[in-house]
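Notes to accompany the following structure.
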Amino acid sequence: MRKVMVELGTRSYPIIIGSGIDDEIISFVRTSGYSAHGMIVTDMNVGPLCADDIAALFAAAGVHAEIVTIPAGEPSKSLAQANDLFTRAIELGLDRNSPIIALGGGVVGDLTGFVAASYMRGVPFLQIPTSLLAQVDSSVGGKVAVNHALGKNLIGAFYQPDAVFMDLKLLRTLPKREILSGLGEIIKYGIIYDADFFAWLEGHCVDILALEPAAVTHIIARSCAIKADVVRQDERESGLRRILNFGHTIAHAVEKETGYVRYRHGEAVAIGMAGAAAISVQMGLLSDDDRMRINDLIRAMELPLSAEGVKVDAMHADLFHDKKTVGGRIHWVLAEGIGRVSVHSDVPEEIVRKILLGLSS
Ligand code: NAD
């Protein structure tokens, strides 16, 4: 069992990582002082696999947690779905001390966190992430949101959970493509923060793709520790936290142009990282050897390097409307080497266009 702390003063919380962490969940809940009634939100894929078992753990700790199951997939991250959950919470008589638990991937986590942040101006929130992407990224750091018809994640809050419980056993049923999607974010941590971790990933691709337990524990724990360290220094993304967006500027445009259905998030991030690395070379920041190392690792993890058939003009327009654009300028997170990135708002449009052409051919 590994424990990573997210140090945020009075809002600090533990991330518990292990294969079989039932006792840790029970003892945390038992000593939490929560009300006797709560709500577990899960989706139609995850719920049948494990929701009853998780509810039983809460019952053993003295909390009756009602299971509420939503449709799987990104469309559930909506205000309409949030409203249904508010209705259920009111019907269940949940009070300000009732825990709301997210049991699922990033969709369930983001939606449930938004509901927990807003219901009665904020109630206790617990994350039990079940996808690799949710374990290494979305369940840590407190960004919660739903989508709006005009854009993804536009309605949300910063709202930290009381604890995050990552049971590696839950990954056994995760489809391979979803595992690969999580690996996209894991590669990102090596590029932005930790050259040794990047090198370790290069040397352990086979173990990782085979889901060898020690390798999986290591990549999850190291990714969470890096994210926790960044979030500790800049909880609300006024500076350093932007580095977590490496690869995401182009990824968001790719996702938008492909209707959020062709690529999993981590796949789009892989394409975006290849693009950001290429821009970094064009800007004279990164050597071509390091760019090739990045591309080789993305390829070795069976992730895409380009988005065939995506229209460059449309991507270009999307980029300049991304919400991470401040005052009309794009803040590009660019690599200065493996393990080191910096933010630049002076990338010429011609360079961006040239790289987009390369990515979409
Ligand atoms: P997801 O929640 O849609 O899960 C992926 C698929 O895997 C779903 O079909 C789900 O039902 C299924 N699944 C999950 N766990 C499973 C398991 N153990 N066994 C079998 N099937 C399982 O998608 P995701 O990739 O986990 O998350 C993507 C979402 O996360 C996006 O909405 C993205 O915006 C968000 N996100 C948020 C943050 C953040 O900081 N809040 C960061 C990154 C991504």
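The values are calculated or read from the model by the stated rules, or taken from the named source; none is laboratory data. These numbers come from a predicted model, not from an experiment. Neighbour counts are summed over all protein chains in view; Cβ atoms, including those assigned to glycine, are modelled from backbone coordinates with ideal geometry. Just so you know, the surface numbers come from the protein's heavy atoms only, side chains and all, with ligands and any DNA or RNA stripped out. Shrake-Rupley method; radii C 1.70, N 1.55, O 1.52, S 1.80 Å.
Below, the figures for the structure above:
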| quantity | calculated |
| --- | --- |
| Segment 1-57-segment 255-319 distance, computed between alpha-carbon centres (Å) | 35 Å |
| Rel. contact order, % - alpha carbon contacts under 8 angstrom, at least six apart, the chain | 15 percent |
| Within-13-Å neighbourhood charge of Thr31 [Cβ basis; K, R +1; D, E -1] | -2 |
| Theoretical ellipticity at 222 nm over the chain - DSSP helices of four or more residues, -39500 (n - 2.57) apiece, nearest 500 | -14000 deg cm²/dmol |
| Listed residues Phe158, Tyr260, Val230: farthest to the positive end of the dipole of segment 153-297 (Cβ charges) | Tyr260 |
| Rounded tilt (10° steps) of 265-282 against the dominant C-alpha axis of the chain | 30 degrees |
| Model label zone, Leu79; criterion: amide N under 19 Å from point 7 Å along Cα-to-beta-carbon; scope segment 133-149 | 144-149 |
| Accessible area of segment 1-121 belonging to carbon and sulfur atoms, whole % at 1.4 Å probe | 52 percent |
| Part-to-part distance (alpha-carbon centres) for segment 152-180 and segment 187-241, which is given in Å | 15 Å |
| Nearest-10 value in Å² for the accessible area of Arg291, using the 1.4 Å probe | 60 Å² |
| Proximal charge balance of Asn97 [Cβ under 14 Å; K/R count +1, D/E count -1] | 0 |
| Net charge dipole size for the chain [Lys, Arg +1 and Asp, Glu -1 on Cβ; Debye, nearest 20] | 540 debye |
| Met120-Arg340 pseudo-label distance in nm [points 7 Å out on the Cα-to-Cβ vector] | 5.1 nm |
| Separation of the Ala60 and Ser19 label points, Cα + 7 Å toward Cβ, nm | 1.9 nm |
| Built amide H within the under 5 Å cut-off of Ala163, gap 5+ | Gln127 |
| Segment 253-349, relative contact order in percent, only Cα pairs under 8 angstrom and at least six apart counted | 31 percent |
